[in-house]
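The structure under discussion appears below in the form of structure tokens.
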Amino acid sequence: MAWIITYILFTTCLLENITPDHIYSCYKDLGVKFPTNIYQNIADTSKRKAWIDSSDMNNITITTVGENKVEQY
């Protein structure tokens, strides 16, 4: 779900420099159970799915693959 949140923050809210804290806050605001280790969850999503780029945890971005996935979801 972190990739969907990243997409919304990036495209709709026009937020730059998305951090794990932003993603955590969105989970809380949505009332959705968040991962125990949000940093690891973001890194795993980045590595396994390539839907987000978390090479800089202070500037998480949505990838083209991630954008396409959300828009076809």
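The values are calculated or read from the model by the stated rules, or taken from the named source; none is laboratory data. Just so it is clear, the structure is predicted and the values come from calculations on it, not from any experiment. Neighbour counts run over all protein chains shown; Cβ positions are idealised from the backbone, glycine included. The area values use the complete protein model at the heavy-atom level, side chains included, leaving out ligands, DNA and RNA. Shrake-Rupley method; radii C 1.70, N 1.55, O 1.52, S 1.80 Å.
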### Residue with peak Gaussian network fluctuation, the chain [Cα springs, cutoff 10 Å], from Asp21, Asp29, Asp53
Asp29
## Note on the structure
With +1 on the Cβ of every Lys and Arg and -1 on the Cβ of every Asp and Glu, the dipole magnitude of the chain about its Cα centre, in debye rounded to the nearest 20, is 320 debye
#### Entry: Segment Thr11-Asn58, extension gain: residue separation times 0.36 nm, minus the distance between their alpha carbons
15.2 nm
### Query
Residues with amide H under 5 Å of Ile18's amide H, sequence separation 5 or more or different chain, H placed in the peptide plane at 1.01 Å from N; which?
Ile60
### Message
Taking all protein chains in place and a 1.4 Å probe, what share, in percent, of the accessible surface of the stretch 8-53 do carbon and sulfur account for?
### Response
52 percent
### Query
Can you list the HN-Hα couplings for the stretch 2-15, worked out from phi with the Karplus curve (6.51, -1.76, 1.60; θ = phi - 60°), rounded to whole Hz and with x for Gly and Pro?
4, 6, 5, 4, 4, 4, 5, 4, 6, 8, 8, 7, 6, 7
### Message
Quick check: pseudo-label points 7 Å beyond the Cα along Cα→Cβ at Asn68 and Thr36, how many nm apart are they?
### Response
3.5 nm
### Task
Compute the accessible area per residue over the chain, keeping the other protein chains in place, probe 1.4 Å, unit Å².
66 Å²
### Message
I'd like the GluC sites (Glu not before Pro) in the chain restricted to DSSP loop residues with at most 12 other Cβ atoms within 10 Å, sorted by number.
### Response
Glu16
